[in-house]
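The structure under discussion appears below in the form of structure tokens.
The values are calculated or read from the model by the stated rules, or taken from the named source; none is laboratory data. All values reported here derive from a predicted model rather than from experimental measurement. Please note: Cβ atoms are built from the backbone with ideal geometry, for glycine as well, and neighbour counts cover all protein chains shown. Surface areas here come from the heavy atoms of the whole protein model, side chains and all, with no ligands, DNA or RNA. Shrake-Rupley method; radii C 1.70, N 1.55, O 1.52, S 1.80 Å.
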Amino acid sequence: MCVNQYTMVPAVVNLVATKGRDTYTGFISEFTCFKCKSFSNALDLSAPASDVLLKSRSSNWFQLSGHPDSLAPAGPGTVWKKRSCSSDDTERVVYEELSQDSTLCDIIPRYYREVEYQGEKFIELQDLLHGFQDPYVIDIKMGTRTFLESEVQKKTAREDLYQKMVVIDPHAPTEEERRKKAVTKLRYMQFREQQSSTCSHGFRIEAMKCRGSPPVTDLKKVKSPEEVLNTLDMFLGGREDVRQRLLARLCEIRSKIEQSEYFKIREVVGSSLFIIYDDSKVGVWLIDFAKTNKLPEGKTVNHRTTWVQGNHEEGLLYGFDRLISLIEGIKNPSPEKQKDPFTKSVPAVSVKS
Ligand code: I3P
């Protein structure tokens with residue numbers, strides 16, 4: 001579809017602002033000690049945002065995670081998401097199917113249409129930041145498996161993934177990988193799963209933005225239950241009302257997925273939970289469906305069983321279970337947090353969908 005009428009779009013699609021590979025080494029290890037400092041001081045300890053696209057239309061708009069350049073704000077309240085590199089239609093089809101399902105349509109951002117612009121394909125989606133004032137935002141990649149089963153057969157070793165691996169852990173490559181200076185995607189994705197909480201918890205925190213602070217995107221080594229809990233605790237900032245709304249919404253989404261025939265016959269790999277709140281609203285959606293695939297005829301998944309090649313399990317609901325139980329454990333904000341200016345007055349919060 002031609003979209004000439006969207007005259008502002010070329011500017012934003014082509015605009016890339018802050019990019020880079022600044023690291024946040026020590027962010028989580030310092031977490032415990034800076035938790036006792038004030039919230040804003042804590043975030044001052046982190047470096048400027050990495051891999052974050054700050055777009056021009058609104059200085060408040062940002063892309064928290066995902067493939068760099070893949071998102072751009074479009075009309076008011078909408079974003080364009082570029083078709084993934086694998087360049088198939090998977091994500092569009094999933095959005096179309098889910099948006100037509102009266103039960104499942106509210107667990108995803110609103111899907112509007114497919115758009116073609118300068119030879120590239122995009123899907124137009126609800127801008128999840130729209131309507132929130134200086135919000136807290138977190139992106140949680142769900143599942144115990146983040147790669148497609150088809151990666152297992154692929155032997156191509158990639159230099160870019162080797163480079164990303166040694167930044168995270170210089171000692172990780174084997175001798176052979178070191179000689180080749182390259183690793184397969186399977187190797188890299190499993191390495192990322194093991195370095196983070198993906199394997200143990202069935203989810204990992206990809207990025208987080210707290211009020212008034214730049215996004216923090218290098219959370220690749222947040223792994224232990226304590227580190228995960230501390231990060232979630234920091235995200236919630238002592239807001240008991242938000243914690244309860246969030247729990248209710250997570251349980252609702254989990255239950256919809258559990259009961260859904262659609263999800264019984266699909267693996268949902270690499271999807272994220274996008275969670276956002278401000279003083280008056282909480283929003284939670286499942287996003288990123290480029291690796292959500294229909295299973296071969298006759299196969300089903302329960303999203304909790306351990307993955308073995310061929311069973312297509314990806315641990316999506318296992319991740320929900322763990323996330324819900326961790327958030328249930330964050331109770332009774334400390335007296336210090338109660339003094340936080342954001343937690344003083346707690347207006348009614350509604351779940352936004
Ligand atoms: C990337 C991340 C992406 C993945 C990408 C990885 O690693 O796992 O989800 O894209 O693969 O490089 P990291 O988070 O460490 O940057 P897909 O989900 O599309 O597989 P890619 O380099 O092949 O795009």
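Odds and ends about this structure:
- Qualifying residues in the stretch 311-323 (those that are touching a strand residue (DSSP E or B) at 6+ places or on another chain (Cβ under 8 Å) and outside any loop (DSSP other than H, G, I, E, B)) - the one nearest to GLY270 (Cα to Cα): LEU316
- Qualifying residue in the stretch 243-253 (condition: within 16 Å of the ligand (Cβ to nearest atom), open to solvent by 10 Å² or more (accessible area, probe 1.4 Å) and without any contact (Cβ under 8 Å) to a residue 40 or more places away in the chain): no
- Within the stretch 114-161, restricting attention to residues that are free of Cβ contacts under 8 Å to residues at least 60 places away in the same chain and in contact with a helix residue (DSSP H, G or I) (Cβ under 6 Å, 6 or more places away or on another chain), the residue that is nearest to THR306 (Cα to Cα) is GLU151.
- Tally of residues being of a type in the set (D, E, K, R) and closer than 23 Å to GLY212 by Cα across the stretch 244-287: 4
- Within the stretch 196-216, the set of residues being surrounded by fewer than 22 Cβ atoms within 10 Å (Cβ to Cβ), under 26 Å from ASP321 (Cβ atoms) and among the small types (Gly, Ala, Ser) comprises SER200 only.
- Of all residues making up the stretch 259-310, the number that are part of a helix (DSSP H, G or I) and either hydrophobic (A, V, I, L, M, F, W, C) or open to solvent by 60 Å² or more (accessible area, probe 1.4 Å) (or both): 4
- Just one of the listed residues (ASP106, ASP139) is within 16 Å of the ligand (Cβ to nearest atom), of a type in the set (Asp, Glu) and crowded, with 16+ Cβ neighbours inside 10 Å, namely ASP139.
- Looking only at residues in the stretch 162-195 that are open to solvent by 60 Å² or more (accessible area, probe 1.4 Å), in contact with an Asp or Glu (Cβ under 8 Å, 6 or more places away or on another chain) and within 14 Å of the ligand (Cβ to nearest atom), the one that is farthest from SER272 (Cα to Cα) is ARG187.
- Matching residues, the stretch 232-242, being crowded, with 20+ Cβ neighbours inside 10 Å and not in a helix (DSSP H, G or I): GLY238, ARG239
- Tallying residues that are more than 16 Å from the ligand (Cβ to nearest atom) and either assigned to a loop (DSSP other than H, G, I, E, B) or at pLDDT below 95 (or both) within the stretch 81-103 yields 4.
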